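Before any comments, here is the structure.
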Amino acid sequence: MRRGRQSLLHLLLRTLCSLGGGYLLGAWDAPAQAEWSTVAEQKTSYTSDAFQFSSARRLRLTEDPSQPTVVSAEKPEDVIWEPALEVVHSTPTAQGKNELSVKAQGAIYTNNPIFNHADYRIQDRFSLDRSTSLLVRYRYVPNLFLGPNFERRTGTRSIQEERVSSHHWRAEIERRLTDSVTGTLITRYGLRRYNDSFAERNTKFFTLGPRVDYRAMEWLTLTLSYLYERGLADGHKDTQFADDVSYYLHMVSAGTEFRLNRQWDLGFTYIHRRKTFTSGLAGDTHAGRFDATHQGIAELRYQMSAAATVMLSFQYGKRSSTNALRDFQDSIVSIGGQYRF
């Protein structure tokens, strides 16, 4: 009997030690599994047209390709400083990993500080399985100055500052279809809130479209994407102001990425966007109008180390406007660096 009790006690002690050891090892491993990192970035850009810089910069698929802009007869050149800081928390999961990040970015104009603005973003990317991931994102751009414009609410058509605050909710589901092909479905919902002088332009919009990435070779990746967007303004039935900025938008983007060697990458992107205004209000200057944009981007990146990257890019855009006499072109040259720690 005594031997039986001793054996049972010995078994219980071994079990408790095993469980306790496993718990302690799990507690020890948990903090090591979750990783915190910070990405600091700085770009310095020259633009040939300060009025168009923020819109041209956000024309990329991952940004805000329908951001409104004011077409001005003036074309002020400027140098813009773009500091950014992102904090990332990455956690391994049974399906892959979860990556939560918060980012703040500024745009500081050297000669035209009225255009200074900030961009805030929070997003979470998590794996649904080993081949599928889901990204959800909220972005906020407050009180962005677009330019002086003629307001219509008072009836005097006085010149006022036109400003807009934008809220975007975005979701992307990405799936690896084969070893070389990845497909992504993108959807977006947003609100634009204008200052009181242009409140009839407050707009709700919805975006939907696919993207396909094809790794043709070890050193070459091709990307093709399409977006459709519909925007509906508060003033779409208001005959008093005759200022309906409602629209539908088609955007096509094609890109190539060359991996020159372990340190050098070269990317080219072409974007075509057509924004057609749907106003049917008599006296509205948007009625029967559209603007079409062609933009090319070339970017060279050099990875100095696992943590540090420097880049040089050139961006050129040609755009028609709702006023045929004010079609314009703009160029942006940027140099910058990124460091992860």
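Numbers below:
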| read-out | value |
| --- | --- |
| Point-to-point label distance, N261-K97, nm (Cα→Cβ direction, 7 Å offset) | 2.7 nm |
| Compactness index (Cα Rg / 2.2 N^0.38 Å), the stretch 213-271 | 1.91 |
| Projected-area mean, the chain, by convex hull of Cα positions, square nanometres | 23.6 nm² |
| Using a Förster distance of 51 Å, the FRET efficiency for D238-L85 (Cβ separation, nearest 0.05) | 0.75 |
| Calculated Rg and Dmax of the stretch 135-183 using C-alpha coordinates, Å | 20.1, 62 |
| Inter-label distance for V310 and A73, nm, one decimal - labels placed 7 Å from Cα along Cα-to-Cβ | 4.4 nm |
| Backbone HN-Hα couplings from phi across the stretch 327-341 [Karplus 6.51/-1.76/1.60, Hz, Gly and Pro as x] | 4, 8, 10, 8, 10, 9, 10, 10, 9, x, x, 9, 9, 10, 9 |
| Phi to ³J(HN,Hα) by Karplus 6.51 cos²θ - 1.76 cosθ + 1.60 over the stretch 304-319, Hz, x for Gly, Pro | 6, 7, 5, 9, 10, 9, 10, 9, 9, 9, 10, 10, 10, x, 10, 9 |
| Longest to shortest principal axis, alpha-carbon extents of the stretch 151-300, angstrom | 62, 28, 26 |
| Lysine pair number, Cα distance threshold 18 Å (strictly under), the chain, separation 8 or more or different chains | 5 |
| Highest-fluctuation residue, E74, E63, E86 considered, GNM on the chain with Cα pairs under 10 Å | E74 |
| Within the chain, helix-based [θ] at 222 nm, where runs of 4 or more DSSP H residues each add -39,500 (n - 2.57), nearest 500 | -3500 deg cm²/dmol |
| Between helix 2-33 and the chain: long-axis angle, C-alpha atoms, 0 to 90°, nearest 10 | 20 degrees |
| Residue among S279, S37, S127 with the largest mean-square fluctuation in a Gaussian network model of the chain, springs linking Cα atoms under 10 Å | S37 |
| J(HN,Hα) series, the stretch 47-63, from Karplus relation 6.51 cos²θ - 1.76 cosθ + 1.60, nearest Hz, glycine and proline x | 10, 7, 8, 5, 5, 9, 4, 5, 5, 5, 5, 8, 6, 4, 4, 7, 9 |
| Additional length obtainable on full extension of the chain from D196 to L224, 0.36 nm per residue less Cα span | 6.1 nm |
| Cβ-Cβ FRET estimate between Y46 and F290, R0 fixed at 35 Å, reported to 0.05 | 0.75 |
| Förster-model FRET efficiency, 25 Å R0, H272 and L300, C-beta, rounded to 0.05 | 0.60 |
| Hydrodynamic radius (Kirkwood) for the stretch 110-199, which is based on Cα pairs only, to one decimal in Å | 16.1 Å |
| Most mobile of S165, S305, S90 in a GNM of the chain (Cα contacts under 10 Å) | S305 |
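We did not get these values from a lab; they are worked out from the coordinates using the rules stated. Quick caveat: nothing in here was measured; it's all calculated off a predicted structure. Neighbour counts run over all protein chains shown; Cβ positions are idealised from the backbone, glycine included.
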